[in-house]
Amino acid sequence: MSKSLFSKKSIEKIQADVAVGMSDHEQEEVGGEGGGLRRTLSVRDLTLLGIAAIIGAGIFAMVGEASYKGGPGVIFLFIITAVVCGLSALCYAEFASRIPIAGSAYTYSYASLGELVAWIIGWDLIVEYAIGNIAVAISWSDYFTNLLKGYKINVPAHFTMDFLTAKNGFNAVTEAMQGGSTLETLKAGCSEAAAKISCGQLEAYTAWADAPMLGSLKLIADLPALLITLVITTLVYIGIREAKWTGNIMTILKVAVILMVIIVGAFYVKPENWSPFLPNGFTGVMAGVAAVFFAYIGFDALSTTAEECKNPRRDLPRAMIYSLIICTVLYIALALVLTGMVSYTKLNVGDPLAFVFGEQGANISWIAGVIAVSAVIALATVFLVFQIGQPRLWMAMSRDGLLPQIFSRIHPRFKTPSFATVITGLVVAIPALFMNLSEVTELASIGTLFAFLVVCAGVLFKDEEFGRENRYVPYIDSQYIVPGLFIIGLLGVFWYNGDAFAAFFTDYSPTKAGESALEAFSHKIPYFGFIILAFVMTYLAVAKRLSLIPVLGVVSCAYLMSELAVSNWARFGSWLLFGLGIYFSYGYINSHVGKESGRNSTSSTELKLASIGFYVAAIGLAIFAFGFVNDFILYLVPALEKSLKYIALGSFIVGLAFGIY
């Protein structure tokens, strides 16, 4: 069985699927040119496409959160993230040259690493597309409600906020009031840099306090996020697609908004806001990794244009790097202006670009209004693009037999993947009501980083097959460079922060009130995993003389993943375990590639136990990872309050044992 899990889909089969419109990306046949795509895209065209793909909800929404955590020094994180994305971009380009069709990480994995990895990546890409769109919906909601406020239309706070944010804000304010503060004094000082309670937490307190009740449950949901999801999903269902000219206009609009904020905002910068430049140290800067990385998601879409480039071997890598450099320069300038206009302590908002021109910033209401209108339009377009892409990925997986055939059903009138579109809408709409922006962006970021890591690893896996000559990305021997970098990195950490380096391995005392030693240790697990991976990659670089760029891609992606909280790893793990349950209950026995290789098409007891085990493990981990899952279970069964975490832990361990066994 283990061998058949890694059955590969041949390049010939992929090309045949493309010919009949069965790929995971849109193909548009052009007569008179061999039925292929016109090779019309130059470096300039590709660079503009890259900029259009990168600039989206991430920078419109998440630059505020990242600046709040890291202060003005967040610019260093933008540079680090750009380098990581650049290394991953080159690995995507390598695959695009080896598999000569427009594709994605799902296609590349199926051809190079086998079916199980392809399924994991396909399931993981849902995190990038659908879960990422939840963040777009939440961000759109923030800009939309801010726009309405400009017209004196105030939507109740409990209908513009997620359940968890409102609950946490209420608890924080209540605790502060129990400590002797009054609501009036908290409101008066919420905008100060050293405020115990932020203005956002006070708004969350109000939302929770004023929310209507359904039995004993507070009715708190982000209704504007639901509204935009329903509207865009309906448009996608009936076949409304983004035209090329619309995409160009939206790209110009997005860049124009950022340039306007940078140029106009520069006149309102107060240099004292840049001091301290690193208020929370390097740790604080890296705390914003999910938010900053989310601002770069999308550049990998350029790999799907391989068949339309005039000279893909030369132009694709250049365009990816050019677009990353341009966006990084814009992002750094934007971060400096935002943190210069207002204190970084005030920027933990969902609409930072409009916020800095509001009452607590430059107080230029018409500019704030222009930004809000532009963001509402631009984010809706970003939403449309990704909402179109997700059903097509599901449709491709369905046509490979990994998902039920209904996911590839085409509407007879609208000629769209109707069922897949509806499911995509539900996957986005329901969590958007209850999940907060941080949770969603962290999940989308770790999922996308994982996809990048697998693509980089895929290049290494095929290293010998690709050879040393005539490579898309030049081969650079890592035998001496990687060990050198590893030693320099260790010495640098030890030299500049030796005490913290030693404490990392010896001090496991709790850092938060009520936290156990085990919970304190769990926060270090991702770092231990990264250290082990770094040792392994260093050994392989020496022993196998691997190509340098993909080695650095794997290590750098793993490092950014290690900077994400263990709770985020738990959420991602729960998602992947649920996906494995689906694969072993359906995908494994219905895979077309599996059937062609003689795989048994009936479900055995072993497969049933494996799928049930993974489902149980996923639920157990989800109780730990998702606050709203835990709260919902306790709402249904209050008696489980003291025992729920033990039930969850037992479910995870037992389920995982059955799944693996």
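The values are calculated or read from the model by the stated rules, or taken from the named source; none is laboratory data. The structure displayed is predicted, hence computed values, not measured ones. Virtual Cβ from ideal backbone geometry, glycine too; neighbours counted across all protein chains shown. Surface accessibility is based on the protein's heavy atoms, side chains included, excluding ligands, DNA and RNA. Shrake-Rupley method; radii C 1.70, N 1.55, O 1.52, S 1.80 Å.
Before moving on, here are some points about what is shown:
- Restriction of the trypsin sites (Lys or Arg not before Pro) in the range 115-201 to DSSP coil positions whose beta-carbon has at most 10 other beta-carbons within 10 angstrom yields LYS152.
- Alpha-carbon Debye profile of the range 401-494, log10 I(q)/I(0) at 0.18, 0.19, 0.20 Å⁻¹: -1.02, -1.05, -1.09
- Solvent-accessible area, 1.4 Å probe, carbon plus sulfur percent, for the chain: 66 percent
- Accessible surface area normalised per residue over the range 461-614 is 55 Å², counting heavy atoms of protein chains with a 1.4 Å rolling probe.
- Per-residue ellipticity at 222 nm computed for the chain from its helices equals -21000 deg cm²/dmol, with DSSP H segments shorter than 4 residues left out and the rest contributing -39,500 (n - 2.57).
- Every Cα-Cα pair in the chain was counted, and those over 45 Å apart are 18% of them.
- Applying a DSSP loop filter and a limit of 15 other Cβ atoms within 10 Å to the GluC sites (Glu not before Pro) in the range 414-507 leaves GLU469.
- Dipole of the range 542-610, positive direction: furthest Cα of VAL593, ASN568, GLY579, with charges on the beta-carbon: VAL593
- Fraction of alpha-carbon pairs over 26 Å apart in the range 66-184 - percent: 54 percent
- Distance violations [Cα-Cα > 28 Å] among LYS9/LYS544; LYS167/LYS608; LYS69/LYS254; LYS196/LYS642; LYS524/LYS544: LYS167/LYS608; LYS196/LYS642; LYS524/LYS544
- In the context of the full set of protein chains, residues of the range 315-450 present 32 Å² of accessible surface per residue (probe radius 1.4 Å, heavy atoms only).
- About the Cα centre, charge dipole magnitude for the chain (Lys/Arg +1, Asp/Glu -1 at Cβ), debye: 840 debye
- Percent of alpha-carbon pairs separated by more than 14 Å within the range 161-214: 48 percent
- Per-selection Kirkwood Rh - the range 250-401 (Cα, Å, 1 d.p.): 17.9 Å
- Dipole of the chain [Lys/Arg +1, Asp/Glu -1 at C-beta], most positive-end residue of PHE60, GLY179, LEU490: PHE60
- Three semi-axes describe the equivalent ellipsoid of the range 492-562; taken as square roots of 5 times the Cα gyration tensor eigenvalues and ordered largest first, they are 29, 14, 10 Å.
- Cα gyration tensor category, rounded, prolate or oblate, for the range 603-661 with a/c compared to 1.5: prolate
- Take the Cα of PHE494, step 7 Å toward its Cβ, do the same at PHE632, and the gap between the two points is 4.9 nm.
- Per residue accessible area in Å² of the range 140-206, where ligands, DNA and RNA are left out and the probe is 1.4 Å: 54 Å²
- For the chain, the longest principal axis of the alpha carbon atoms and the long axis of helix 163-178 meet at an angle near 30°.
- Values of log10 I(q)/I(0) for the range 529-661 across q = 0.19 Å⁻¹ run -1.03, by the Debye formula with one identical scatterer at each alpha carbon and no solvent.
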